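Peer 1: If you scroll down you'll find the structure; I have some questions about it.
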Amino acid sequence: MKAVLLVAGEGKRLAPITNTRPKHIIPIAGKPLLQQTIESIVRYARIRDFLLVVGYKKEKIMEVFGNGEDLGVHIEYIEQQQFLGTANAANYARDFVEDEPFLLMYGDLLADPVIFEDLISFYDEHPADAIITLREVDDPSNFGIIQLDDQNAVVQIVEKPAPEMNLGNLANAGIYILSSKIFDAIDRTPISPRGEYELTSSLQILIDDGAPVLGFNVGTKFWSDVGHCWQLLEASQHYMDEFFQPEVRGTIEKYVVMDGPVHVGEGTLIRAGTYIEGPVYIGKNCRIGPGAYLRPYTCLSDGCIVGNSSEIKASILLAGASVPHLSYVGDSVIGEGVNFGAGTKTANLKLDDSNVKMVVKGDRVDTGRRKLGAVVGDLTKIGINTSIMPGTTIGEHCQLGAGLILHGDIPPNSRLIKKENYDVEQTT
């Protein structure tokens, strides 16, 4: 069996991090999101032939994964020329799979690796023209809902049903095993009211044709579509809890305390007086300390700096991010090459203890989290003694002066300078 991963999307809800990279290469517990998925499929589904349907910033994905040799797999690429829906994207796999059954997955998902093993076993016992993974959801009106009969056969698929329809709460989890019959169904798929060719519509055509289409419930196993920046933190925490592999390859000076599982990459130096509470991932060529404090679920990519008396808690720092001295970063996602001035801090808890809200695609969204810091885009520079309020998003290539109190949504390429006590000048 071969695997087809749909990785052409832009991931706009993950801006500003995805303004400069596809979401599929954002690090989760020290590895690109897509690498976590590929390794899971290889280990648990024993699949080694992959097709990546690419689009947005495809060259970055191809640079990271190449032909797959480093992962012990074979990877081919095909570019999605038009973004006309999931059925349109799946259709690019037609020549690759050569009339054989194949695994299809939305590439921005993260799922418990055991799901792949269980799915393959289910298919071996119940071969069908399509198997759709399912998960129970709290609000069916936000998902494609699948109705099953008592034999796990799919009866119908309804996108975002009204609550009064009472169609249950089994939602499409975005992982499939499909036969080549799906391509004939795609050819007959009409355009949806959203102006797209939906894979669920193609699957409904198979059902209406009388083809065997089964549902497979993944139960309570971990699953996330990683659609928002705070879900990056949640996914990273899950993988560090379940699949973390501690290893120390760097240089550790005297009087460094490491409590719990810690990964330290080659060329990294951890200076005296640093205290690390695992699980913590530290990449290659980082400089930590002296006297730094790294708390659980911190993930530092290659080339990061965390200096004297700086504290990092449950955050993801991308390559080359720098928090040199006297600063605090908590429950945050910090972009590549970002620099924090001395004494700059991210607040991650509101005074009234209510959920943190964040601006996503122009709307203010309840994140469902009590603790959430900031999301900062690549190559932004922040001056000394600046305070960043919970849920703040800061775009890439910003210059933010000393002594500011930052909140809300700051656009890319902004320049904010505090000229007098309370006057702020902004140019974008």
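Where a number appears in this text, it was derived from the coordinates with a stated rule and is not lab data. No experiment lies behind these values; they were computed from the predicted model shown. Counting neighbours? That spans all protein chains shown, and the Cβs are built from the backbone with ideal geometry, glycine included.
Peer 1: Suppose every Lys and Arg Cβ carries +1 and every Asp and Glu Cβ carries -1, with no other charges. What dipole size does the range 150-230 come out with about its Cα centre, to the nearest 20 debye?
Peer 2: The dipole magnitude comes to about 200 debye.
Peer 1: What does DSSP give for the chain in terms of the percent of beta bridges that are antiparallel, rounded to the nearest 5? The partial results should precede the final answer.
Peer 2: On the way: 30 of 99 bridges.
Just about 30 percent of them are antiparallel.
Peer 1: Enumerate the lysines that K57 could reach by cross-link, defined here as Cα to Cα under 27 Å, with residues fewer than 8 away along the same chain left out.
Peer 2: K2, K12, K23, K31, K284, K361, K381
Peer 1: List the trypsin sites (Lys or Arg not before Pro) within the range 210-313 that fall in a DSSP loop (any state other than H, G, I, E or B) and whose Cβ has at most 12 other Cβ atoms within 10 Å.
Peer 2: On the way: sites: K221, R249, K254, R271, K284, R287, K313; in loops: K221, R249, K254, R271, K284.
Filter output for the range 210-313: R249, K254.
Peer 1: Determine the principal axes of the Cα atoms in the chain, then give the extent along each, sorted from largest to smallest and rounded to whole angstroms.
Peer 2: 70, 46, 37
Peer 1: Same structure again: Per residue of the range 172-178, in order, report the coupling 6.51 cos²θ - 1.76 cosθ + 1.60 (Karplus, θ = phi - 60°) as ³J(HN,Hα) in whole Hz, putting x for Gly and Pro.
Peer 2: 5, 9, x, 10, 9, 10, 10
Peer 1: Taking only C-alpha pairs under 8 Å that are 6+ residues apart, what is the relative contact order of the range 326-420 in percent? Mind dumping the intermediate values first?
Peer 2: Details: 280 pairs, mean separation 25.0, N = 95.
Relative contact order for the range 326-420 comes out at 26 percent.
Peer 1: Residue by residue through the range 262-279, which ³J(HN,Hα) values in whole Hz follow from phi under the Karplus form 6.51 cos²θ - 1.76 cosθ + 1.60 (θ = phi - 60°), with glycine and proline marked x?
Peer 2: Those phi angles translate into 9, 9, 10, x, 4, x, 7, 10, 10, 8, 4, x, 7, 10, 10, 9, x, x Hz.
Peer 1: Between the range 100-159 and the range 245-295, how far is it from one alpha carbon centroid to the other, in angstrom?
Peer 2: A separation of 41 Å, based on Cα centres.
Peer 1: Would you mind checking the tilt of helix 33-45 against the longest principal axis of the Cα atoms of the chain, expressed as 0 to 90 degrees and rounded to 10?
Peer 2: Its long axis makes an angle of about 50 degrees.
Peer 1: Could you run the Karplus curve 6.51 cos²θ - 1.76 cosθ + 1.60 with θ = phi - 60° over the range 48-65 and give me ³J(HN,Hα) per residue in whole Hz, x for Gly and Pro?
Peer 2: 10, 10, 10, 10, 9, 8, 9, x, 4, 6, 4, 5, 6, 5, 5, 5, 6, 9
Peer 1: Between exposed GluC sites (Glu not before Pro) in the chain, where DSSP calls loop and at most 16 other Cβ atoms lie within 10 Å, what's the longest gap? The partial results should precede the final answer.
Peer 2: On the way: sites that count: E10, E98, E253, E266, E420.
Formally, the longest exposed-site-free interval is 99-252.
Peer 1: Can you give me the long-range amide H partners of V360? Hydrogens built in the peptide plane at 1.01 Å from N, cutoff under 5 Å, separation of 5 or more residues or another chain.
Peer 2: So V360 has HN proximity to V365.
Peer 1: Also: Just to confirm the filter: which trypsin sites (Lys or Arg not before Pro) across the range 335-420 are DSSP coil and have at most 10 other Cβ within 10 angstrom of their Cβ? Each step should come with its number before you reach the end.
Peer 2: Working: sites: K345, K350, K357, K361, R364, R369, R370, K371, K381, R415, K418, K419; in loops: K350, K361, R369, R370, K419.
For trypsin sites (Lys or Arg not before Pro) across the range 335-420 that sit outside H, G, I, E and B with at most 10 neighbouring Cβ atoms in 10 Å, the list reads K361, K419.
Peer 1: Then there's this: Do you know the relative contact order of the range 293-377, to the nearest whole percent, from alpha carbon pairs under 8 angstrom that are 6+ apart?
Peer 2: Values: 215 pairs, mean separation 19.3, N = 85.
Relative contact order here is 23 percent.
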